[in-house]
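J.: Here it is, the structure in full.
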Amino acid sequence: MMSFCRVQILVLVSLTCLFPATHGWGIDGHFIICRIAQARLSNASADAVKQLLPDYAENDLGSLCSWADRVKFRYHWSPALHFIDTPEKLCTYQYSRDCKDANGEKDRCLAGAINNYTNQLLTYSSESTKAKYNLTEALLFLSHFIGDIHQPLHVGFTEDKGGNTIDVHWYTRKTVLHHVWDVSIIDTSEERYYNSNVENLIDTIQQNITGVWADQVKKWENCNSTETTCPNIYASEGIKAACEWAYKGVTEDSVLKDAYFISRLPIVNLRLAQGGVRLAATLNRIFG
Ligand SMILES: [Zn+2]
């Protein structure tokens, strides 16, 4: 179903596409990343986010972190911006080779979108240029896309559309590999360890950020040079994790259960933490 959506995105809205599986982390994955990020904002950045969020969001970025998925069919140009595909099952990523849409149009991929919305948000304090953009939408797109780029299969292979055409069983339920990484691993983790409460999972990830991962966090936050954000680093890590963890050992109709879940859960938790930390770091660089 998702693969169909991905191919047909610019052509028509089919009925099956009206009820898609999520494109990107599921609602919880995006919510977790935005919640972690918002708690790490500088004062200036927290203020800018508050100003840009619509009133009904009540200053909760997490509540609108999946907005970009909901507007996919209204903004028919946007679905290609949620992922990157590498050709010939390559486990490496190169912007110049891979950042394009199905029609070959350059920059129309997840990394290009992150650069674009970062640049738009950089006009926030400039009265003369900021009117050119809808900076509320730019904030919501950027927050969502920094989440997506940390889901390993959002930087996946062209051939299987980021795991969307690989049928698997998650325990007893039929699904596709992409959905396992968007939703199933997180859901199973919440049910098994967190009393089905996403807030408990967020607390644990936050404790790890200030605990076991504390000495890595600076490295996650930093880009190579003076860039405001660095999606090429995030995408290179993503395709590596896709090869080493998501695709590894999985074939059509694989039955994935405890061995897969328990070995992959640390990767999902790490990517959620990195997504949140980097979204905050990017917004803090943008808003000063
Ligand atoms: Zn998405």
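J.: Ranked from highest to lowest mean number of other Cβ atoms within 10 Å per residue, what is the order of the peptides 268-274, 31-37?
T.: The densest-packed peptide leads the list: 31-37, 268-274.
J.: Please compute the modelled spin-label separation between Lys50 and Glu221, points set 7 Å along Cα→Cβ, answer in nm with one decimal.
T.: In this crude spin-label approximation the distance works out to 2.1 nm.
J.: Apply the Debye scattering formula to the range 87-228, with a single equal point scatterer on each alpha-carbon and no solvent, then give log10 I(q)/I(0) at q = 0.18, 0.19, 0.21 Å⁻¹.
T.: Results for the range 87-228 at q = 0.18, 0.19, 0.21 Å⁻¹ read -1.28, -1.30, -1.32.
J.: Now for a separate question. Do any trypsin sites (Lys or Arg not before Pro) in the range 37-142 lie in a DSSP loop with no more than 13 other beta carbon atoms within 10 Å, and if so, which?
T.: In loop regions of the range 37-142 (DSSP not H, G, I, E or B), the sparsely surrounded trypsin sites (Lys or Arg not before Pro) are Arg74, Lys132.
J.: Considering every Cα-Cα pair within the chain, what fraction, in whole percent, is farther apart than 31 Å?
T.: It works out to 22 percent of all Cα pairs.
J.: In debye, nearest 20: dipole of the range 141-277 around its Cα centre with unit charges on the Cβ of K, R (+) and D, E (-)?
T.: The calculation lands at about 180 debye.
J.: About the Cα centre of the range 24-287, what is the dipole size in debye to 20, counting +1 per Lys and Arg Cβ and -1 per Asp and Glu Cβ, all else neutral?
T.: In total the dipole reaches around 400 debye.
J.: Considering only Cα-Cα distances, which of the following residue pairs are longer than 22 Å: Lys72/Lys106; Lys161/Lys219; Lys106/Lys219; Lys161/Lys240; Lys89/Lys161; Lys72/Lys100?
T.: From the list (Lys72/Lys106; Lys161/Lys219; Lys106/Lys219; Lys161/Lys240; Lys89/Lys161; Lys72/Lys100), the Cα-Cα distance tops 22 Å for Lys161/Lys219; Lys106/Lys219.
J.: Any lysines with Cα under 21 Å of the Lys50 Cα? List them, leaving off those in the same chain fewer than 8 positions away.
T.: The reachable lysines, counting only those whose Cα sits under 21 Å from Lys50, are Lys130, Lys132.
J.: How many nm is it between the label spots at Tyr75 and Lys106, if each spot is 7 Å from the Cα in line with the beta carbon?
T.: 2.3 nm
All of the numbers you see were taken from the coordinates with simple rules; none came from a lab. It should be emphasised that the depicted structure is a prediction, and the values quoted were computed from it without experimental measurement. Every residue, glycine among them, receives a Cβ derived from its backbone with ideal geometry; neighbour counts consider all protein chains shown.
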